[in-house]
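Step one of this worksheet: look at the structure below.
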Amino acid sequence: MPVTKTAQLFATTLCLLLGTAAFAQEAAPVADAENTDTSAVGAPDGLSMGTQEPAANDGIGSTYIAETFGTWEQRCVKTEDGADPCQLYHLLKDSDGNNVAEISIFGLPKGQQAVAGATVIVPLETLLTAELSVTVDSAAARRYPFSWCSNIGCIARIGFTQGEVDSFKKGNAAKVSIVPVVAPDQKVELSVSLAGFTAGYDAVNKANGN
């Protein structure tokens, strides 16, 4: 697969993850027409006070939830031609219910070692040298390095083999572990329910034409 295609897939993932905050915000109420009239009483003669347009949160490039599968969401990016690329998204929380990390998974074209790609975003206060580990049920953990950090967090780009995807489909729960900088001798373990993963993964691949 050309490198440019891989870059496009991960760029789409970041676009989806960056749009997470938008889902948590309520749309601002649209002002009444009488309040946005450019000829409102009190406006200086000959000066326009302007009109406020409603916020566009459903335009090209915006993200939306197409369907939910248990704790997984099929999130897509709206495109001009309607061929919206989608990802399977999961928000990871700690034992106290705090939002800690995000994972987004998508299928890759056939004929290569990795059949699926994933992007994991963790807090900036993560010890990068300890890497990120993923465990499914009682299987041995597999470690992955971080690629870079930005203002949204530190990012690991992961490739999964067919066997690993199958273990997600057959498993009951996965666990993502990271190490905080302030406590390098400890691990933060985030549980990931795999209920709904199979249906969600298949739906995303179908939507993407894989």
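Side notes on the structure shown:
- For residue 69, the accessible surface of its heavy atoms amounts to roughly 30 Å² (probe 1.4 Å, protein chains only, rounded to the nearest 10).
- Label point of residue 137 set 7 angstrom out along Cα-Cβ; within the range 163-200, amide nitrogens under 17 Å from it belong to 163-176, 192-199.
- Sites residue 124 and residue 67, calculated FRET efficiency, Cβ-Cβ separation with R0 35 Å, nearest 0.05: 0.65
- Cα gyration tensor shape for the range 53-210, rounded if a/c is under 1.5, else prolate or oblate: oblate
- Where a label projected 7 Å from the Cα of residue 112 along Cα→Cβ would reach, residues of the range 146-164 with amide N under 11 Å: 159-160
- Estimated distance in nm for a label pair at residue 94 and residue 175, the labels positioned 7 Å out from Cα along Cα-to-Cβ: 1.7
- Formal net charge of residues neighbouring residue 101 (Cβ-Cβ distance under 10 Å; K, R +1; D, E -1): -1
- Solvent accessible area, Å² - residue 102, 1.4 Å probe, full protein context: 30
The values are calculated or read from the model by the stated rules, or taken from the named source; none is laboratory data. Remember, predicted model here, so these are calculated numbers, not experimental data. With ideal geometry, Cβ positions are generated from the backbone for all residues, glycine too; neighbour counts draw on all protein chains shown. Side chains included, ligands, DNA and RNA excluded: accessible areas come from the protein's heavy atoms. Shrake-Rupley method; radii C 1.70, N 1.55, O 1.52, S 1.80 Å.
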